[in-house]
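Please read the structure below before turning to the comments.
Read the figures in this text as sums done on the coordinates, not as results from a lab. Small disclaimer: the values here were computed from a predicted structure and weren't measured. Here the Cβ positions follow ideal geometry from the backbone for every residue, glycine too, while neighbour counts run over all protein chains shown.
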Amino acid sequence: MMGLIWFWLVAIMLAVYVLLDGFDFGVGALYPFLAKTENERRMVLRSIGPVWDGNEVWLLAGGGTLFFAFPLLYASAFSGFYLPLMIVLWLLILRGIGLELRNHIENVVCKQLLSGIFALASTLLPVFYGAALGNVLRGVPLKANGYFFLPLWTNFRVGPNPGILDSYTILAGVVALVALSLHGALWLALKTHDPVESRARAAAQNLWWVLLVLTPASLAATLWVRPQGMQNYTAFPPAFVIPAAVGAGLFGVYYFNRMARPLAAFLSSCLYLFSMLAGAAYALYPSLLPSIVNPAEDLTISRSLSGTYALHVGLVWWTLGMVLAISYFSLVYWMFRGKVRADMY
């Protein structure tokens, strides 16, 4: 029972991170295209400025909870994915540098350089996060001791000797980039005034059509690389409400964006992203990291779970920590509610 609870707690925390920091990435990826003047650039950055660093707390909290609840998974994944994790770490650092320093430097060339660094890091991070999820769904070459190694790429084919980047994981990265760019466009439509708002709504509409094609394509590709992912759904048919929620979120984005209802469109995007991640987690359960060599060597919940006493005590402290975190985030988002005004600068 404790394994089931902690599995979903970790999954939910990572999903919340994607929902919150995801629109930051999307804003950064679209930043060079939607902000034409310096005043508009400052407006776009202001829309995420008060919250972007706080949103990353959920990544730290999710990683810490993963280390506490499933130490074997944490050790295996962080050793096998060492190279991409270092790349992600540097991208997070560079993104923060670009975002924070550009407003403190008057030199035009340095401003443009920092803006480019911010946009590039914000674009690459969703690709790497999506590829990471693709690796988990596809599986890795786990050894009997629970460890593995993957090069960054091999021949880009899905097979017995994959790389971190192959045709499937690249598709997952592209889906993540498009979905989070759409998420960021909807956030900008919610937080900014014209002309940025109009550009953001138009960008969201164009990205929606791309995502409409990529979503079923990614589902078909996932069933191809991991056909056993359907077993949990067929064993419990009510779970098909999850893919139904994916469709409802996707079409809600289209409808509410066309109706100029940015909050409803943004919440629909949240539903889409959350349902996609929940569906992936449900398809994996009870595996945490599948093996493409021998399914008997999968890192499962029971194999990776921490001690019973630690899990019970940790649940108490986790609950207290989440009450504080949710209270803080509710206060911050309430304080900075409403649209960003151009005359603030």
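Exposure proxy for Thr154, Thr65: other Cβ atoms within 10 Å of each Cβ, ordered fewest to most, give Thr154, Thr65. When the helices of the chain are scored as -39500 (n - 2.57) per DSSP H run of n ≥ 4 and the total is divided over every residue, the value at 222 nm lands at -25000 deg cm²/dmol.
Taking other C-beta atoms within 10 Å as the exposure proxy, His183, His312 rank His312, His183 from fewest upward. Spin-label model, Val210 to Ser79: label points 7 Å out along the Cα-to-beta-carbon direction sit 3.9 nm apart.
With neighbours defined as other Cβ atoms within 10 Å of a residue's Cβ, the residues Trp90, Trp58, Trp8 order from fewest to most as Trp90, Trp8, Trp58. Straight-line reach from Lys36: taking Cα to Cα under 16 Å and skipping same-chain neighbours fewer than 8 places apart, the lysines in range are Lys111. So which trypsin sites (Lys or Arg not before Pro) in region 149-242 end up in coil per DSSP with only 14 or fewer other C-beta atoms within 10 Å? Hits after loop and neighbour filter: Arg157. Highest GNM mean-square fluctuation among Leu89, Leu288, Leu133, for the chain modelled with Cα contacts below 10 Å: Leu89.
Along the axis of the charge dipole computed for the chain (Cβ charges of +1 for Lys and Arg, -1 for Asp and Glu, origin at the Cα centre), the listed residues Ala221, His193, Leu142 are led at the positive end by His193. Here region 172-217 and region 36-77 have alpha carbon centers that stand 20 Å from each other.
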